[in-house]
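The values are calculated or read from the model by the stated rules, or taken from the named source; none is laboratory data. Being a predicted model, the structure only gives us computed values, none of them experimental. When we count neighbours, we look across all protein chains shown, and the Cβ atoms used for this are built from the backbone with ideal geometry, even at glycine. Areas reflect the complete protein model, heavy atoms only, side chains present, ligands, DNA and RNA absent. Shrake-Rupley method; radii C 1.70, N 1.55, O 1.52, S 1.80 Å.
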Amino acid sequence: MGNGFVSCSFLFLLFVTLAPGVTSNVLRLPSMDFAEQTEDDGHGHGHHSSHMHMGMGMGISNLANYDPTFTVMKDVQVGKTMPISFPYIDDLRPYQFLPREKTRHIPFSSKALPELRRYFSVAPGSTQDIAMKQTLDFCEKEPPRGEATACVTSFESLAEYARGIVGSDSEVGIVRSSLISSTTPTLQNYTVVESKEILTGKVIPCHAEPYMYAVYYCHFQVNTDNKLFMVSLRGENGEWVDAVFLCHMDSSPWSEESKSLLRLGLKPGESEVCHFFPAYDLVVVPQ
């Protein structure tokens, strides 16, 4: 693999914590010197599949046919109850960034798959191998029309990507949903207790991709107004979730075959499309 590769024993020990939790206080990303160019972290494209881990808006009585779906902004009102699926996470390590110096010399490319398999001791055709290949292929696709996308592997590369969109002199930070405890049912009815809009300019959603270390697919819709909310939800079991809720206000560029539009019975441009974020995903905002 060459001298540039870091020791695998250090790779999984030296995490920079990306702590989820109640996110009324925005986690600030590190300052970067934009005069210095660093390695290319890869580029990801398309609409991310982690949305499929979230479910809401369908009848909870028929779980056999339950399918994740999206909603519209007016459906999330104080006092309203709806079924939502928030995945429980018992190991946060796959969602925590490694220091950049630990990953910058590891190739992030589908062309390097044979080397990556050997380095990570991943058997060809295994679940890990398939996930790694799918993520690399996804990150190498051309961006959809009207979007600026990137797959990022560190706080630093996340900050660089975000400041490339909001301005190199801007402060940027992260908002995330709170974690779900092991006692919380994955799927249950939640009642909206409070909904507060996070007043911000440009909103950059980032979604965790399956990989051997933390990789986030970030995408920004150019010339599109999105709205971001923090919604306090009370579950049937009495536990609370403070959830990030994002509304894409202009669906007109989307395909008529978009799963979210089909599930809502809408055509492109007829309505905004909204969804909750699980704790392992994040949203970058200017401060």
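Got a number for residues in the stretch 156-176 being part of a loop (DSSP other than H, G, I, E, B) and either surrounded by 20 or more Cβ atoms within 10 Å (Cβ to Cβ) or under 17 Å from the mean Cα position of the chain (by Cα) (or both)? Spell out the reasoning first.
The first filter runs over the stretch 156-176 and keeps only residues part of a loop (DSSP other than H, G, I, E, B), leaving 167-171, 176.
From the residues that got through so far, the ones that are either surrounded by 20 or more Cβ atoms within 10 Å (Cβ to Cβ) or under 17 Å from the mean Cα position of the chain (by Cα) (or both) too are 176.
Residues meeting the conditions: 1.
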Residues located in the stretch 265-278, provided they are among the hydrophobic types (A, V, I, L, M, F, W, C) and surrounded by fewer than 20 Cβ atoms within 10 Å (Cβ to Cβ) = 266
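Report whether or not residue 131 is under 30 Å from residue 255 (Cα atoms), open to solvent by less than 30 Å² (accessible area, probe 1.4 Å) and out of contact with any Pro (no Cβ under 6 Å at 6 or more places or on another chain).
In short, no.
Going by the conditions given, is residue 232 of a type in the set (Ser, Thr, Tyr), crowded, with 17+ Cβ neighbours inside 10 Å, within 24 Å of residue 272 (Cα to Cα) and in contact with a Ser or Thr (Cβ under 9 Å, 6 or more places away or on another chain)?
Details: of a type in the set (Ser, Thr, Tyr): yes; crowded, with 17+ Cβ neighbours inside 10 Å: yes; within 24 Å of residue 272 (Cα to Cα): yes; in contact with a Ser or Thr (Cβ under 9 Å, 6 or more places away or on another chain): yes.
Answer is yes for this residue.
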Taking the stretch 97-124, which residues are surrounded by fewer than 17 Cβ atoms within 10 Å (Cβ to Cβ) and not in a helix (DSSP H, G or I)?
-> 99, 105, 109, 121, 123, 124
Qualifying residues in the stretch 134-143 (those that are of a type outside the set (Val, Ile, Thr) and touching a strand residue (DSSP E or B) at 6+ places or on another chain (Cβ under 8 Å)) - the one least open to solvent (accessible area, probe 1.4 Å) = 139
